[in-house]
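**Q** Quick one: this structure, given as structure tokens, is what I'll be asking you about.
Throughout, read-outs are computed from the coordinates displayed, never taken from laboratory work. Model, not experiment: these values are computed from the prediction. Backbone-built Cβ (ideal geometry, glycine too); neighbour counts: all protein chains shown.
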């Protein structure tokens, strides 16, 4: 998802009162505009980095992309030490990504063999995606930086600290998902604009609200001590097992929680799924407040946007409560599945809604549903109608804060795999432009929170 992508410029539009920049669109990514220099031409093949991608330190240094001030006091360059690709608005034009010429990769020739460099160059055709070239990191997903002292940073690099941290994580949590074959991990959701051309004609498009919360999973899976597993293995009757014990597992983004008092708000929500069936798994967002009374997600300052966007009716500080009061939180299920013979079978959206009603839990709000006829522009207009362009749009669950965006779920008439990059179940996110701006401001502050630390684990 957060990879470099080779694209071709489709159109270039002049920007009023600006003679050094143009507004570019790309053939491969409909509905996206990026500001480029006047050196670009229609048909140019370039490299695209999406919003919230972090460029590598080497890539920025080799291509002189860091911000700096020259002898005349003129500011040049693009990136600060975060190296994060941000969305922005310049001269009234949105820029939702970063484009560079392919010459920005010439520095790799110095360290790659002639054969490897030529092979890489031969791959630089529209549609090609990559995040590494050989041993050279090009980009990765940006995570909110943790604001720590220089002394603490040195300490964290020591072997003793790493060993202690490993044992502490084992004391606090079970482990990574890798230790559980059947417990499926939440995956990053791809961008709609990057994938809309992959949607097959005739597919059902279901638009749901995207909540600004923390992702979680809950599953009821077989859990036996080693000696019971051994007895089951030695069982001469293949059609039955001596022991069948199931346990409720709770997952964060990257870890499986161990019983205890930590992350109590997660456990409170997970308890709502205690009646799920064996081998059934639920994927959901938790929104609102922690049991401590603090918001789950860091509040956003809306005042920075008042000059350019219609913010009337919203407080200066947005707390993403979704109708919850301090100390309360709620779930919003967006996916359910069941493990059958070691394979995950994803429920349809209607099956998910029905199952959640049986369990008495909330799903993400459904906003729209239509059949995709192949008209990409029409589909984007329909999806964008829930987000607006230059004004803040309230969440359907709480008028006190804006909507983060929408998720677009694609369901086929059958479960046939039409695109191996997508598979049988497709869902893409499409964030509000205004929310993206606010998110960018917040991430620049480098605030350390329980959730941001956990996100990086």
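**Q** Taking the mean number of other Cβ atoms within 10 Å as a proxy for protection, how do you rank 212-222, 393-403 from highest to lowest?
**A** Numbers: 212-222: 21.8, 393-403: 18.8.
Put in order of decreasing packing, that is 212-222, 393-403.
**Q** Rank these for me by crowding, 256, 201, going from fewest to most other beta carbons within 10 Å.
**A** By the 10 Å Cβ count, ascending, the order reads 201, 256.
**Q** Tell me, in nm to one decimal, what length is gained between residue 131 and residue 377 on full extension, where the rule is 0.36 nm per residue of separation less the Cα-Cα distance? Display every interim value, and only then the final one.
**A** On the way: separation 246, 0.36 × 246 = 88.56 nm, distance 2.89 nm.
Stretched out fully, the residue 131 to residue 377 stretch lengthens by 85.7 nm.
**Q** A further question on this structure: List 156, 20, 84 from most exposed to least, where exposure is judged by having the fewest other Cβ atoms within 10 Å.
**A** On the way: 156 12, 20 8, 84 22.
Fewest to most other Cβ atoms nearby, the residues stand as 20, 156, 84.
**Q** Would you work out if segment 4-141 is rounded, prolate or oblate? Take a ≥ b ≥ c from the square roots of the eigenvalues of the alpha-carbon gyration tensor; rounded if a/c is under 1.5, else prolate when a/b is larger than b/c, oblate otherwise. It would help to have the intermediate numbers written out before the result.
**A** Working: a/c = 1.82, a/b = 1.27, b/c = 1.43.
It is oblate, given that a/c is not under 1.5 and a/b is not larger than b/c.
**Q** Along the Cα-to-C-beta direction of residue 124, a point sits 7 Å from the Cα; which residues of segment 1-18 have their amide N less than 12 Å from that point?
**A** 6-7
**Q** Oh, and also: Suppose each label sits 7 Å from its Cα in the direction of the beta carbon; what would the residue 114-residue 143 distance come out to in nanometres?
**A** That separation, rounded to one decimal, is 4.1 nm.
**Q** What is the distance, in nm, between label points placed 7 Å from the Cα along the Cα-to-Cβ direction at residue 341 and at residue 28?
**A** Between residue 341 and residue 28, the label points sit 3.7 nm apart.
**Q** Right, another one. Relative contact order of segment 4-141: what whole-number percent is it, with Cα pairs under 8 angstrom and at least 6 residues apart? Don't skip to the answer; put the middle values down first.
**A** Numbers: 240 pairs, mean separation 41.1, N = 138.
It rounds to 30 percent for segment 4-141.
**Q** Going by how many other Cβ atoms sit within 10 Å of their own, how do 81, 104 line up, fewest first? Working shown, then result.
**A** Details: 81 11, 104 17.
Going from least to most buried by this count: 81, 104.
**Q** Shifting gears a bit: What spacing in nm lies between the two simple spin-label points modelled at residue 164 and residue 247, each 7 Å away from Cα in the Cβ direction?
**A** Simple spin-label model gives 2.9 nm for this pair.
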